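Single-structure report; data block below.
The values are calculated or read from the model by the stated rules, or taken from the named source; none is laboratory data. None of the values given here were measured: they were computed from a predicted structure. Virtual Cβ from ideal backbone geometry, glycine too; neighbours counted across all protein chains shown. Quick note on the areas: whole protein, heavy atoms, side chains included, nothing else; ligands and nucleic acids left out. Shrake-Rupley method; radii C 1.70, N 1.55, O 1.52, S 1.80 Å.
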Amino acid sequence: MREDEDRDDVNESSQQWDRRAFLGTAALAGAALAACAGSGGSEGDVQSRAVKLTPGPKQAPEGGLLKAGLVGCGGRGTGAAIDFLRAGPSLELTALADVFPDRITDCRQQVLERTGVELPDEKVFVGFDAYRQVIDAGVDIVLLATPPHFRPEHFRAAIEAGKHVFMEKPLAVDPMGIRSILETGRLADEMGLNVVTGTQRRHQRSYIETYNRIADGAIGDIVAARCYWNQGQLWYREREPRWSDMEFMIRDWVNWQWLSGDHIVEQHVHNLDVINWFTQSHPVKAVGCGGRARRVTGDQYDYFAVDYELENGLHVQSMCRQVDGCVNNVSEFVVGTRGSSNCANTIYDSSGQVAWRYGEEKEGAPAPDDNSPYVQEHVDLVTVIRGGQRINETVNTATSTLVAIMGRNSAYSGREVHWDELMESEMRLGPTEYAMGPVNVKATIPLPGA
């Protein structure tokens, strides 16, 4: 795992974002990446009517020079920049932005050591407005990898400037941020721009091939699902005396609600997104619980357990935890009327025996030589740009992010939280002005039932 790791009327936004509009596989609209809908299954089989996918090429095709600028030079941003440079020929990283000069220095050094690319000083920008300088630096693609609180503002600026975008998940930390993201995603469509998000499992060949077989009816209709991201303690930063509130919080961002959304949003969104994808739906309500036992900084929980319910009554068991010394599990699982699957690479028959496993279609065949999915998502973005095709994953990942927010809000409050109330919510986390100084956010741990 890598270390990182609002102008519309509310009612109008809710109406424009129909619950079924997000069905994720249709977002890959180019023929090189998406196959035609329909699979010859029975008319009554819901799964057989899903869109099927063809994995993208292992390297982007030749084409004109594409220049990228990176906003957010931490571990994930540096990784994204390197992954972009490895995606194909004639790709350049030409500008960097971060609020901390030392992060830029570290990023430049890693990019140089791992790719041989050296960025000139005049293309390096520092500060809260540095993202605008990157956007204006003659780039074609903007890579957004700051803490997710800043994503809606940065995404809008990049799209309004006519840039293609790769942005990391999650896409926001609150409902107002999600509505902003959706509005900007619609603008990207109107402008013919491409957007790929950091849900790399949707670009991973083993997941795609497993999904296609389930879409063909391999396990029948999905009737239950579960997903997990249980791991040890994530990284944190102890405050140094010279740091202001803002500097400390941003350097320690994965531990603060307003910056990360809490780990159910920042990290577990991956697993929730897979369940949305495979069920071709999303939860409409949630009842969750959670708490804090071991965390030493910030105002987040250490663990969550959420019972999600879809519109058709299907339940999803969701669990995530960041505590050392406990059982770990990062996975997804769906159960159907005729079998089950781990979503990643294996399908089981109704008796629990392996019916298919990725890479074993022929006895003795070697496992496929696949790209890292972190590289593949950039391959797919560059491929559609050069091929004149279209990809916009905004709605998919905004949907999954809001599902995670729904579970978080239920656990924080102890209430049953509904999708429609979030689509109308005015909740916004964090300050509205950014400067290295005091921040009016107290480390208050949510208390359910209060």
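Within the range 414-450, which residues have the backbone N less than 12 Å from the label spot 7 Å out from Ser244 along Cα→beta-carbon, could you tell me?
In the range 414-450, the label zone of Ser244 (backbone N under 12 Å from the point 7 Å along Cα→Cβ) covers 433-440.
Which value, in Å² rounded to 10, gives the accessible area of Thr444 with a 1.4 Å probe and all protein chains present?
90 Å²
Leaving out ligands and nucleic acids, note down the accessible area per residue over the chain with a 1.4 angstrom probe, in whole Å².
With the other protein chains kept in place, the chain gives 39 Å² per residue.
Can you compute log10 of I(q)/I(0) for the range 78-186 with the Debye formula, treating each Cα as one identical point scatterer, at q = 0.16, 0.17, 0.23, 0.24 Å⁻¹?
-0.72, -0.81, -1.37, -1.45
So how much slack lies between Met191 and Ser372, counting 0.36 nm per residue of separation and subtracting their Cα-Cα distance, in nm?
Here the answer is 62.1 nm.
Quick check on the chain: of the DSSP beta bridges with both residues there, what percent are antiparallel, nearest 5%?
The antiparallel proportion sits near 55 percent.
Between (1) 21.9; (2) 23.3; (3) 26.9, which entry matches mean projected area of the Cα convex hull in nm² as derived from the coordinates of this structure?
(1)
Please identify which residues in the range 396-424 have an amide N closer than 11 Å to a label point set 7 Å out from the Cα of Ala450, following the Cα→Cβ vector.
Of the residues in the range 396-424, 413 have backbone N under 11 Å from the label point off Ala450.
Can you give me the long-range amide H partners of Thr54? Hydrogens built in the peptide plane at 1.01 Å from N, cutoff under 5 Å, separation of 5 or more residues or another chain.
For Thr54, the qualifying residues are Ala34, Ala35.
Report the full-extension gain for the segment Phe100 to Arg294: residue separation times 0.36 nm, less the Cα-Cα distance, to one decimal in nm.
Between Phe100 and Arg294, full extension yields 67.0 nm more.
List the aspartates and glutamates whose Cα lies under 13 Å from the Cα of Lys442, skipping any in the same chain that are fewer than 8 positions away.
List returned: Asp245, Asp299.
Among the lysines, which have Cα under 26 Å from the Cα of Lys52 when same-chain residues fewer than 8 positions away are ignored?
Lys169, Lys362
Determine how large the accessible area of Glu309 is when every protein chain is in place; take a 1.4 Å probe and give Å² rounded to the nearest 10.
Using a 1.4 Å probe on the heavy atoms, I get roughly 50 Å².
Given R₀ = 25 Å, what would the calculated FRET efficiency be for Glu118 paired with Leu65, taking r from the Cβ atoms and rounding to 0.05?
Between Glu118 and Leu65 the formula returns 0.90.
When the helices in the chain are scored as -39500 (n - 2.57) per DSSP H run of 4 or longer and the sum is shared across all residues, what 222 nm value do you end up with, to the nearest 500 deg cm²/dmol?
-9500 deg cm²/dmol
Using Cα positions and a limit of under 21 Å, work out the lysines in reach of Lys67, with same-chain residues fewer than 8 apart set aside.
Excluding near neighbours in sequence, the set is Lys58, Lys123, Lys163.
Whole Å is fine, so just give me how far the alpha carbon centre of the range 235-259 lies from that of the range 70-103.
When both Cα centres are located, 22 Å separates them.
So how many Å³ per residue does the convex hull of the Cα atoms of the range 318-450 work out to?
Spelled out: Cα convex hull of the range 318-450, divided by residues, is 290 Å³.
Just how far, in whole angstrom, is the range 278-349 from the range 368-384 if you go by their alpha carbon centroids?
Cα centroid of the range 368-384 versus Cα centroid of the range 278-349: 26 Å apart.
For the chain, give the percent of accessible area contributed by carbon and sulfur heavy atoms, probe 1.4 Å, rounded to a whole number.
Reported share for carbon and sulfur atoms: 47 percent.
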